[in-house]
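**Student:** I have a structure here, written as structure tokens, and I will follow up with some questions on it.
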């Protein structure tokens, strides 16, 4: 474990150096993140223009939901997403051959080598907003509440990592199909809405979307003191199960890897 932590710290320093060499990219990333935050607030105002609640969630609750979405998805995009996007090139161009020859877990290295440090600004802004907003709606979270919220966010990241890694593993067979991750991106966008909107959805559709709703709704419920034990168990099972499957599926896929363009 110490070896992997040391390696990850080295990767952070390398990405920080790259950030300082290309400051324009970081400014663009920060600006786009702030624009997205403004867009989300405006869309919420329009949504609650004439209705008091949506699927049992008040406007204040949905605001928290949107802020938590920015925290979880912002973290994912900052520390993991770029690696998944780059995986098609790594596999198709034969760069995976070099990675496989290194004395380190292949999945770990491929998923952590690129870090969008400037993307963390979105996470920081959303976190500050949550800390400021909760007391204004009469909620004063304790240290235990915040620790629980952090743990639930980690479970949400674990699910996203496992899902994207499983989809990315398919590139071993279909290396030219580099837009497979777009499928998950479309589903991920629905997670910022209240889970209750699925109540009347057909079972097959609901079973596909429920995991995405869980990863944002459950941490939000923890902050709003609305969470149940069933919520925690559901998120834990989905996240751990998806992660373990991704480990198995990635190792299985590597057995069929044949090199550049294969």
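Laboratory data are not the source of any read-out in this text; all were calculated from the coordinates shown. These numbers come from a predicted model, not from an experiment. All Cβ positions, glycine included, derive from the backbone under ideal geometry; neighbour counts span all protein chains shown.
**Student:** Could you sort 99-112, 234-247 so that the peptide with the highest average Cβ count within 10 Å comes first and the rest follow in order?
**Tutor:** 234-247, 99-112
**Student:** Under 8 Å for C-alpha pairs, at least 6 residues apart: give me the relative contact order for the range 65-127, rounded to a whole percent.
**Tutor:** In percent, rounded to a whole number, it is 60.
**Student:** Using Cβ counts within 10 Å as a stand-in for footprinting exposure, how do 168, 258, 190 rank, fewest first?
**Tutor:** By the 10 Å Cβ count, ascending: 258, 190, 168.
**Student:** Sort 192, 226 so that the residue with the fewest other Cβ atoms within 10 Å of its own Cβ comes first and the one with the most comes last.
**Tutor:** Neighbour counts put them in this order, fewest first: 226, 192.
**Student:** If the label point is 7 Å along Cα→Cβ of residue 200, which residues in the range 56-86 have backbone nitrogen under 15 Å from it?
**Tutor:** 56
**Student:** Related question: What's the FRET efficiency of residue 95 with residue 208 using the Cβ-Cβ distance as r and R₀ = 41 Å, to the nearest 0.05?
**Tutor:** 0.80
**Student:** Using 0.36 nm per residue, how much length does the chain from residue 183 to residue 9 gain when fully extended, once their Cα-Cα distance is taken away?
**Tutor:** Extending this stretch completely gives an extra 59.5 nm.
**Student:** If I model a spin label as a point 7 Å beyond the Cα along the Cα-Cβ vector, how far apart are those points for residue 59 and residue 104 in nm?
**Tutor:** The two pseudo-label positions are separated by 4.9 nm.
**Student:** Quick one: which of 138-151, 72-85 comes out on top by average Cβ neighbours within 10 Å, and what's the full order, highest first?
**Tutor:** 72-85, 138-151
**Student:** Rounded to a whole number, what is D in µm²/s for the range 124-262 from Stokes-Einstein with the Kirkwood radius over alpha-carbon pairs (25 °C, 0.890 mPa s)?
**Tutor:** In µm²/s, the coefficient rounds to 146.
**Student:** A further question follows. Between residue 234 and residue 1, what FRET efficiency comes out of the Förster formula 1/(1 + (r/R0)^6) with R0 = 25 Å and r the beta carbon distance, rounded to 0.05?
**Tutor:** 0.30
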